Each structure stands twice: as C-alpha cells, then as structure tokens.
C-alpha cells in the first residue's frame, strides 16, 4: 500500500466530516475519489503521477472513508497555489463538503502568506464555478505572468483566481 508522506499536517473536525492536510493518505483513497470524477482526463497511472506531484493534499473523511480531496502545488516564486484537482465523491456532493474543504484551504493559504489561489474548471461545470465564485474566485480572461508554469487546456476551460492579500 502506498502512502503520501510529509512531516507537516493539520487536522480539523467539522461536524462529522474531518478535513486534514498532508497526512499519510493511502494512494487508493485519493484515487477512489478522483478517478471516477476525472476518468476522461486521467488514467490510473497518470493520476498516481499527478498525486505524487502535489505539494499539498487536502482530504475530507467521513466515517473513515475519504469523500473529497484537493491536490495543490506551489506556483514557483510567485507566492501562489495552483489547484491541480479538486473533487467530492458524487455520493457526497450537495452537502457542503466541497465548500468546507475549499474554505479550509483558503484559510490555511492566507495564514501561510500565499498571495493567490489559481485553478481551472470546465465552463460546463456550473456547480463548481458557482462554489468557487461564492468563495471569492473570479474568472480570469488574460494570461498571468505565471501561466507558463501551469498545464495547458482547451477553450472549454475556465481559469479562476482568488487573491488572498
């Protein structure tokens, strides 16, 4: 069994959902959440590589089961974070878990002096866009200085940014 390992961690208990960052998550917990949500874009192997490339991993657990997670990486020397993947299991969607996960990520990012959080989502994913906008993200229509450090996507992808300072 593979684990994501780091020596940093924080953990929150919000009602019956526990949200944590950078604990020793079994790889299959993350794959169990993310692969069904992003199977058109990732294979088992490419998802494993993506998970291993993340600098920060946040997870939401309920009754010992991973129901949501976010893979995040630092954006070079720009003082920002990039959300590689963010998802909540379909069976757990609509209960505010994604919102609480995102709020914890934003709170932690501000506390640790990050300047912004950047992400991509599909234009057709109105639910996700609405959640991000309610959290303060705005769609970005121009190329950022740091965009050369980010993955390239087609025209059906919305770029969104939240300035933290």
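The protection proxy used here, the mean number of other Cβ atoms lying within 10 Å of each residue, ranks peptides 101-110, 67-76 as follows, highest first: 67-76, 101-110. Given R₀ = 25 Å, what would the calculated FRET efficiency be for residue 43 paired with residue 157, taking r from the Cβ atoms and rounding to 0.05? Result of the calculation: an efficiency of 0.80. Distance between the C-alpha centres of region 85-102 and region 30-74: 12 Å, rounded to the whole angstrom. In terms of its alpha-carbon gyration tensor, region 10-163 comes out rounded; the largest-to-smallest axis ratio a/c stays below the 1.5 threshold.
A compact globular protein would have a Cα radius of gyration near 2.2 N^0.38 Å; the ratio found for region 9-82 is 1.14.
Treating each Cα of region 64-116 as an identical point scatterer and summing with the Debye formula, the log10 of I(q)/I(0) at q = 0.26, 0.27, 0.29 Å⁻¹ comes to -1.02, -1.07, -1.15.
Quick note: the coordinates plus some simple rules give every number you see, no bench work behind them. For clarity, every value in this text was computed on a predicted model and none was experimentally measured. Methodologically, a virtual Cβ is constructed for each residue, glycine included, from the backbone with ideal geometry; neighbour enumeration extends over all protein chains shown.
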